[in-house]
Structures are given as C-alpha cells and as structure tokens.
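One structure below.
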Amino acid sequence: MEHLERRLPVAFLLLLPLLSVSCVSNQKTTVSWCVLSDAEEQKCLDLAGNATARNIRGTLQCVRGLNTRDCMDKIKNGTADAASMFADDIYAAGLCHGLELAAGESHNGVDGISYYVVAMARRSSSDLSLLEMHERSSCHPGIRTTVGWTVPIGYLVNTSQISVGEQCNFPKAVGHFFGYSCVPGVKDPQHDPRGNNPKNLCEACIGDENDRHICANNHRERHFGEAGALRCVAENLGDVAFVKHTTVFDNLDGKNQESWALDLELEDLKLLCPDGSEAGLDEHERCHLAAVPTNAVVVRMEDKCRVWKYLERLQNVFGNTTEGFSLFSSAGYGESDLLFSDATHHLQRVLSSYTSWLGPTYTTMLQAFECEGFC
C-alpha cells in the first residue's frame, strides 16, 4: 500500500489534490433537509425564507421525519438529502445505509471534537485503576447514553474486562462486573422489558428527597445526568464517575448551588486513564476513554460536494451574524440545538469517510455493541 504512488501515472497524481477539493457539477439545486420537531421545522423554514431573500443560490426544502432512523431512510431513498446527526447515529447511517458526511461542526475552535469522556474519581482513592474495576462501584449519567454507557462499557468490553457472551446481554454483564452502580433508567420497561436487569445497577442511586423515583431516568433521581454522576462520586457512593471532561468545571465556582457542589474542590478529584495510570483534571486530552466527535451532516455519497457548497453559502451569510437570522442559534424557538448545535462556531467540510470523522477510538467503542444490531 505504501508503494501505491509508484504504480500511478504522474498525470493522475497531479490531479489528486484537485479531485479531493473540487466539485462535480450537479444539476439539482434544491437541498431537502430532514427535521424532527415543530421547532426545528420552523427554523428550517425561516432559514429557507431568509436564504431566498438574500438571493443565495439554491433552494432549501424542509422535510419532516418521524425520528432519526426515518431521516436515514429518507436520505437513502432520495426523499431527503441531508440531516445533522449525533455521533452514534452517524455510525448507524454509514454502517446500515451506506451514507456519508458533507460537513461537521467545529466547537470552540477545536475541529470535530465535541467533548472527551473521562473516568473521574476521588483523589483519596489510591488503589483505583481502570484496568482493575471488577467489584468496584460506578456512577453513570444514564442508560444508553454515549457518556454513561456506550463509551465506558465499550472500553470494558474492548479491554476484555467484560464479556457479554452469545446472549449479548450488556446490563447483565455490567451488573456482574461492578459491585454496585447507579445507571439511571436501567430498570425502565423500555430498557428492561423482562424485568431481569440486575438490581445492583441501581444500588448507588438515591432518588429524590423523599426516597422515591430511585434509579429514574430523569432529574428526580439525584444521581441522574452529568452532575448526578459527579455527585455520586463526590458523596462517596461510587468509586468512579463516567462524565464529560467539562462536567466538574460546570459545577464549580458557584455554578451549582447544591451543597455537595459547594463543598467540591478540584484537588479532591482525579482522572483515571485507560492505561491504568491517573492524571489531573486538566489533562483530559491525553487521559480519556474517547474523544466524541461533534454532530455532522449526513448525506448520500454523491451529494457530499453539492450539499457542502450550499451549506458554505449559507454559512458565509448567516454563520456569524449578530443581527437577523443566525444559523447557529436556536434562540426564539423554544428548544436548543436546532439544525445545528448552538455551540457551533463554524461548519467544516468533511472530505474523508464517516469512520474517519468518528475516529478510531470512538468507532471501536461502538463496534463493541454490534451484536445488539445497529441496523
């Protein structure tokens, strides 16, 4: 493979840079965008109207989808051209439907990275290692979440600490591995239709102030979500919390007025690294379980270029506006992250494959769940 260039004609090699960045002309000028809610549809319609008013070449059409999988189907069969999707959905779109990416979000100047999933523990826990977590206790933001489930459980499977067997029963395997945990939602009928998910996956949960709603998949469970998982460790009910790298900073310096957060100090916590070592909270770029990519725009392979060119024209006019319509703001629509994440600084072109965008570590985490059937 490394000698491929020797076998290619020189003229073709000279064309490669041009092929990678130039567009093949396409007669179609309408881009149909798949939206999932009334608010998102309204923002899409407003964008279409503003684009027409500013004489932006091309036409935006808004197509309503039932859910993300329906949008994938619509894009594949041509009744829609594009939709912005989360990382897990990008994987399913590529794996199951052969779809690709035209553009991806850039947040805070870091191209393509949304956040890092880290394993956070109390600094006083001196005998902890991510390579030896058997029988320890864990705190997760919620069942089937990227941060609280896909990434940490994928890591444990890929490091052969957990084996799901032929039954592909992840809750059972996780329950047998950890001593006790808080995985909000793990006993909900949606995730536990037969009612046999291990009870110890809720034993680090505390419910509300009246000891009700224990292990609920919402904020009535006080250990639900990013802050809840951090609280679980801060209050010594879990050895490790799987959270975003920003979680602790989002709850310090008075940003969270609850007593557990007011008592929390940076020096009380540390990161556990995949190689078994530990690190400071500011070392997440080298000590993380996975870098989760930002949302990206899913399209058919033949539309990668056409959709990007249209998005580029939209971005040039509405990307960084302080007045009028703003491409990366959902203010005034009653919901957040419509069409694109509100944290988006700009859109970048994706020339590579969807697996390259997801990155090898994150893709490997998702592959651990393939026995469940992505398609």
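The values are calculated or read from the model by the stated rules, or taken from the named source; none is laboratory data. Since the structure is predicted, the reported quantities are computational estimates derived from the model, not experimental observations. Cβ coordinates were reconstructed from backbone atoms using ideal geometry, including for glycine residues, and neighbour counts include every protein chain displayed.
If only one of HIS288, HIS223 is modelled with pLDDT of 95 or more, touching a helix residue (DSSP H, G or I) at 6+ places or on another chain (Cβ under 7 Å) and either assigned by TED's automatic domain parsing to the domain that holds ALA343 or not acidic (Asp, Glu) (or both), which one is it? It would help to see each step written out before you state the result.
On the way: HIS288 fails: touching a helix residue (DSSP H, G or I) at 6+ places or on another chain (Cβ under 7 Å).
After ruling out the rest, the residue left standing is HIS223.
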For residues that are farther than 16 Å from ALA204 by Cβ and among the hydrophobic types (A, V, I, L, M, F, W, C), scanning just segment 154-187, find the one that is surrounded by the most Cβ atoms within 10 Å (Cβ to Cβ). PHE170
In segment 49-66, is there at least one residue being over 28 Å from VAL317 (Cβ atoms), at pLDDT 95 or above, among the basic types (Lys, Arg) and not in a strand (DSSP E or B)? no
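Among GLY238, GLY254, GLY165, GLY185, which is the only one that is of a type in the set (Gly, Ala, Ser), at pLDDT below 95, in the same structural domain as LEU128 (by TED's automatic domain parsing) and under 26 Å from THR364 (Cβ atoms)?
Details: GLY238 fails: at pLDDT below 95; GLY254 fails: under 26 Å from THR364 (Cβ atoms); GLY185 fails: at pLDDT below 95.
It is GLY165.
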Find the helices (runs of 4 or more DSSP H) located wholly in segment 213-295 whose residues include 3 or more that are within 20 Å of MET133 (Cα to Cα) and of a type in the set (A, V, I, L, M, F, W, C), and list them. 225-234
Give me the residue from segment 34-64 that is farther than 22 Å from GLY78 by Cα and among the small types (Gly, Ala, Ser) and, out of that set, surrounded by the fewest Cβ atoms within 10 Å (Cβ to Cβ). ALA53
Going by what's in this entry, would GLY154 be described as at pLDDT 95 or above, part of a helix (DSSP H, G or I) and out of contact with any Lys or Arg (no Cβ under 9 Å at 6 or more places or on another chain)? yes
